Amino acid sequence: MSRAALLVLADGRFPAGGHAHSGGAEAAVTAGRVRDVASLQEFCRGRLHTSGLVAAGLAAAAAAGYDPLLLEEAADARTAAPTLRQTSRRLGRQLLRVSRAAWPCAELDALAAARPRGAHQPVVLGVAARRAGLTPLDAAYVAAYESVGGPVTATVRLLQLDPFDAAAVLARLAADIDHVAARAAEAAQRVHADGPAALPAVSAPLLDIAAEQHAARPVRLFAS
């Protein structure tokens, strides 16, 4: 097992398409809910413990070898907003392309064939992590980190925040990321016995509503 693969998957330069998405940060900035470093940190903490936890659970379960098509159904059930389902599949399609180039395998090929319009991003992430020799906990860490890393990076551009202050936000969320990743990996240990119901299914209605409003805006910097 190469733990360096964990760094590759979590690297913002990995061409998985995330740079075009703000994870709801642009909508929150537009609505005035994120306006400075303190409000950005609270936004990210909320996102981490809701949609971030759900994504980490799905990724960990896929990395544990659970059927990705059943996880696709679980991801649909946990993603209420149509726009967010489309976004997840769009990101998943891009991640699947780069993962098949980096870690070619029959499992990734089968997922691409079964979901030609794109599989959910956390599911693809987990399958890729498994192929790269990473553990379910590793996959959960990547998903949890991505759930806050994207919004922080986007908000630097949206509000012209000091990048040093933005980096400090991520540092202050480290303990929360640990907690979410551990919780997701623990749930993934039970998924083979209990099915997808064992995975986190928390919701963030405001993120869902904001995503639909953002998609309807004629002018926006980020796709989501």
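Taken together, the values in this text are just the output of simple stated rules run on the coordinates, not laboratory data. Since the structure is predicted, the reported quantities are computational estimates derived from the model, not experimental observations. We place every Cβ from the backbone using ideal geometry, glycine too, and count neighbours over all the protein chains shown.
Using the crude model of +1 on Lys and Arg Cβ and -1 on Asp and Glu Cβ, and no other charge, please compute the dipole size for the stretch 106-224 relative to its Cα centre, in debye to 20.
Charge dipole of the stretch 106-224: 320 debye, to the nearest 20.
Rounded to the nearest 20 debye, the dipole size of the chain about its Cα centre is 520 debye, using +1 on the Cβ of Lys and Arg and -1 on the Cβ of Asp and Glu. Taking the fewest neighbouring Cβ atoms within 10 Å as the starting point, the ordered list for ASP36, ASP67 is ASP36, ASP67.
Using a Gaussian network model of the chain in which every pair of alpha carbons under 10 angstrom is joined by a spring, one finds that among ALA184, ALA16, ALA129 the greatest mean-square fluctuation is at ALA16. In the chain, Cα pairs under 8 Å separated by at least six residues give a relative contact order of 37 percent.
With a cut-off of 12 Å between beta carbons, the residues surrounding GLY65 carry a summed charge of 0, where Lys and Arg count +1 and Asp and Glu -1. Rounded to 0.05, the FRET efficiency of the ALA31 and LEU170 pair, given R0 = 25 Å and the Cβ-Cβ distance, is 0.65. Close amide-amide hydrogen proximity is noted between VAL34 and VAL29, each under 5 Å apart and 5 or more residues distant or on a separate chain (H modeled in the peptide plane; Pro and chain starts excluded).
How charged is the neighbourhood of LEU159? Take every other residue with its Cβ under 11 Å from the Cβ of LEU159, and add Lys/Arg as +1 and Asp/Glu as -1. Neighbourhood net charge equals -2. A straight chain from GLU186 to ARG117 at 0.36 nm per residue would run longer than the Cα-Cα distance by 21.8 nm.
Since only GLY118, HIS192, ALA31 are under comparison, the one whose Cα sits farthest along the positive direction of the charge dipole of the chain, derived from C-beta charges on Lys, Arg, Asp and Glu, is GLY118.
Contour minus end-to-end for ARG3 and ARG217, with contour as 0.36 nm per residue of separation and end-to-end as the Cα-Cα distance?
72.9 nm
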